[in-house]
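The values are calculated or read from the model by the stated rules, or taken from the named source; none is laboratory data. Everything quoted here is computed from the prediction, not taken from an experiment. Heads up, the Cβs are rebuilt from the backbone with ideal geometry, glycines too, and the neighbour counts pull from every protein chain shown. When the accessible area is computed, the model is the full protein with side chains, heavy atoms only, and any ligands, DNA or RNA have been set aside. Shrake-Rupley method; radii C 1.70, N 1.55, O 1.52, S 1.80 Å.
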Amino acid sequence: MKPLSHLIFLGLILLALPSHGDDTVTMQGRINWNESEPSKVRIGVFDSPIRTGAEAHSWTSVETAEFDLSVPDRDEVQLVVLCQDFMPQLKTIYPASPTKQFVLELEKGITVEGTVLSTDKLPVARTGLTLEREDLPKVRIPWEYSFRWVSDADGRFKIGGLSPFTSYEIRVKLPYVYEEHETFSVEVEENDIQDLDLRLVDAYFVLGRVLDGDLEGVEGASIRFRSEREYGFLRDSNINSGSNGEFRLGPLKQSTDLVLMAVHEELGSSPEVEATPGMHDVELVLGGTVHVVGTVIDQSTAKFIDDFTITTMGPNVSRTYSYSDASGEISSHVDRATIGLIVDSADHIAYFALDVYLRSADVYDMGVIELHRGRQLTGEVYDVSNGQPIEGALVLLQERDDELIETDAHWWNLKSQYLRRSSQSFTDEMGQYELGPIPAHSTHMSAFADGYSSDGVQVEEGVTQLDIGLAKESEETGRIKGMVLTKMGMPVGGMVRFEGSRTSSSAPLGDNGTFDADLRTGEYEVYALTDKGKSETVRVVLNVNEVLEVNLVVDSKGLLTGVIEGLMDGETVYVWVWSETEQLQIGRLDGLGNGAFEIEGVGFGTFRLNAQTNRNRSTTQSFELSEGKSEVQVDLNFVGQSRLYGSLKYPDGTVLRGTVTAASQQDGQTSSSADVSGDGTFEITGLDDGEYTIFIYETKQATMKTPRGSVSMSINNPLDEVDVEIRGDTELDFQLTRPSDPD
């Protein structure tokens, strides 16, 4: 028998817990209000008296003056009543009473009005405002029942339903920005508060104008911008210049570095301009257009082609020019930022002019362009097991050009995507597809369908009809379950890997070290990667509907320790260990600062320790662990004070858009990279003295909107590399050469 004191203690716990399994009764409610009609009333039903942190029995949204409410069958319960722009209230009702009725009296309360202002005193539209209020008990309210007000186009806001003689915290959240809110304290008196200015402490605008070549304002230009921040790229494509070319961007933190450009369909795009929030005089001058000319003919007949399109590609800009009854003549004024041109026509294969350069040209002659006629390809996709057609299968051309792959992966990818989008088809209810035009020469294509293994086929020259049979994927499955423990019998955290001949998979470990996974039948190697190291590997064969129990043991062999030194203020590092022996990642630690670190259970073999900081600095070191050497210390030193700087420009003075990477030639030294700035200069700090290989990458972007689909891509394309010795401050200036530039 349990001691009496234990039974009393258990009884007190049960009395303290709310019972959500009580019988309920239905009460009839009515809402009265003193001013404008409320839109929606939210009612939470709580035990009486309400305790701090209490959870409601239920929440109900009411949109009519009279309503029914289901409540626990108690002597009394309490209601929390919420309605936007009305004062919240607590209401005690009595379900056991004979009347079964109650009335809610809603009062409008005090209204606060004002303007949200940026730090540079400009109104901020579309800000979200929420309240941290002290006129409610501290109960749990569903997040979707919290109220939010939004400032209008002039930054004005109006918040109603506040209680007199009460303090509130108003939280202001900027639109489309991943920044924390700013909070303002407000003391509410008896009367409405008018013209309350909420001025943000770190939120600035960028103001400027878009100008043409004559420095006149341009209306309707699109402002593109990017900001390299913790959350990646911040973009807003809805900013257009006004009647005098003016634009407003923000608000943003003043520490945010921006790169701006303007794009106009008829007047081209501007060069990129660096800006900082708070600047009110930014000018984006459109670069104008280049007259592109040429002639388009059919290669097989040498006749002019009347109907065709010209698609331009460039950094963040693209446009398609359509020609009808043109007698083969090209005449279009295109953006100077264009870096690629595509000529396309029905029944022909698209022609690509890539790596074009128009910045210094007034006229660009494409010459005579011979378009090759393609062929139409039709056929059926069917199930090989029964010959039945497969509806909804995707048939896709996969054009290959191995020579182009080797010379420029960026343009090969773009060309492949364009041709793929122009040559794909879904099968109809009869399994029929039609592609075209596709190249006349031998090419590749693939077919995909849910539940079937994809299949690639070779389409030989001259073939115009091709049926494709697909085999169903195996639906035969089984289960592997078990537990992962240390040699001392303690559960661990992490995941279990199932490496099979046909498929690979992972399953997380539960709190007690258990796992359970449904897998396709076949042979598997099963092992665990845990917070105590890697487990042994067990080989199993899983049969249909079989349940295998596999218990894994983690023997925490191999200890890696180290010390991190030289990180700057605000700089953190994550480290991970790669097993050269087993070709897999063993362990990872995130957000480390200066000081000691430790990774247990690395195992035995040859490893590489990689470290990467949030400021693009990195280092690698190799090490080995074995039975005779089960512990190793690898220190990470980011103490380098050397600097590499210089400039990257083309002969005509234009600037490379890209990055520079300084890769150390020796383990343990610090590598790093930096973007090329708008004036063509770069600077990489925090390096060690020693031998480095400098890699120069050009950032190529191309976006297209074409009759056959859209393609958008950005790739860092290797441009040049050089070996240098860095000692202290080292200057390195590059004179870049384009593929079309003379040697």
Name, by its number, the condition in (1) among the small types (Gly, Ala, Ser); (2) within 29 Å of the chain's Cα centre (by Cα); (3) closer than 19 Å to residue 212 by Cα that does not hold for residue 288. (2)
Looking at (1) within 33 Å of the chain's Cα centre (by Cα); (2) surrounded by 19 or more Cβ atoms within 10 Å (Cβ to Cβ); (3) not polar (S, T, N, Q), find the lone condition where residue 348 falls short. (1)
Return the residue satisfying two criteria in turn: it lies in the stretch 118-131 and is surrounded by fewer than 20 Cβ atoms within 10 Å (Cβ to Cβ) and among the polar types (S, T, N, Q), and of such residues it is nearest to residue 203 (Cα to Cα). 119
Answer yes or no: is there a residue in the stretch 324-341 that is among the charged types (D, E, K, R) and closer than 29 Å to residue 374 by Cα. yes
Determine which single condition residue 696 fails, assuming it passes every other condition in (1) surrounded by fewer than 17 Cβ atoms within 10 Å (Cβ to Cβ); (2) under 29 Å from the mean Cα position of the chain (by Cα); (3) in contact (Cβ under 8 Å) with a residue 40 or more places away in the chain. (1)
Exactly one condition in (1) farther than 30 Å from residue 209 by Cα; (2) touching a residue at least 12 places away in the same chain (Cβ under 8 Å); (3) out of contact with any Leu (no Cβ under 8 Å at 6 or more places or on another chain) is not met by residue 301; state its number. (2)
Looking only at the stretch 324-383, how many residues end up being of a type in the set (S, T, N, Q), assigned to a strand (DSSP E or B) and at pLDDT 90 or above? 3
Return yes or no: is residue 342 in contact with a Phe, Trp or Tyr (Cβ under 9 Å, 6 or more places away or on another chain) and not polar (S, T, N, Q)? yes
The stretch 20-63 - residue that is open to solvent by 80 Å² or more (accessible area, probe 1.4 Å) and of a type in the set (S, T, N, Q) and, of those, farthest from residue 146 (Cα to Cα): 24
Go through the stretch 77-99 residue by residue and tally those that are of a type in the set (Asp, Glu) and closer than 19 Å to residue 53 by Cβ. 0
Quick one: which strands (runs of 3 or more DSSP E) sit completely within the stretch 437-556 and have at least 3 residues that are surrounded by fewer than 20 Cβ atoms within 10 Å (Cβ to Cβ), of a type outside the set (S, T, N, Q) and more than 36 Å from the chain's Cα centre (by Cα)? 538-542, 547-549
Filtering strands (runs of 3 or more DSSP E) wholly in the stretch 15-101 for at least 1 residues that are in contact with a helix residue (DSSP H, G or I) (Cβ under 7 Å, 6 or more places away or on another chain) and over 16 Å from residue 161 (Cβ atoms) gives 58-62
Across (1) closer than 30 Å to residue 276 by Cα; (2) touching an Asp or Glu at 6+ places or on another chain (Cβ under 6 Å), residue 125 clears everything bar (2)
Taking residue 577 as the residue in question, decide whether it is touching a Gly at 6+ places or on another chain (Cβ under 7 Å), surrounded by 17 or more Cβ atoms within 10 Å (Cβ to Cβ) and either farther than 20 Å from residue 699 by Cβ or without any contact (Cβ under 8 Å) to a residue 12 or more places away in the chain (or both). yes
Residue 630 meets each of (1) on the phi > 0 side of the Ramachandran plot; (2) touching a Leu at 6+ places or on another chain (Cβ under 8 Å) with one exception, condition (1)
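Restrict the check to the stretch 647-665 and report whether at least one residue is in a loop (DSSP other than H, G, I, E, B) and within 19 Å of residue 563 (Cβ to Cβ).
no
Please find, among 743, 720, the residue that is exposed (fewer than 14 other Cβ atoms within 10 Å of the Cβ), modelled with pLDDT under 90, farther than 17 Å from residue 617 by Cα and of a type in the set (D, E, K, R).
743
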Report yes if some residue within the stretch 593-609 is under 30 Å from residue 258 (Cβ atoms) and open to solvent by less than 10 Å² (accessible area, probe 1.4 Å); otherwise report no. no
Scanning the stretch 79-117 for residues that are open to solvent by 10 Å² or more (accessible area, probe 1.4 Å) and β-branched (Val, Ile, Thr), the one farthest from residue 168 (Cα to Cα) turns out to be 99
Please count how many residues of the stretch 257-274 are crowded, with 19+ Cβ neighbours inside 10 Å and farther than 30 Å from residue 321 by Cβ. 1
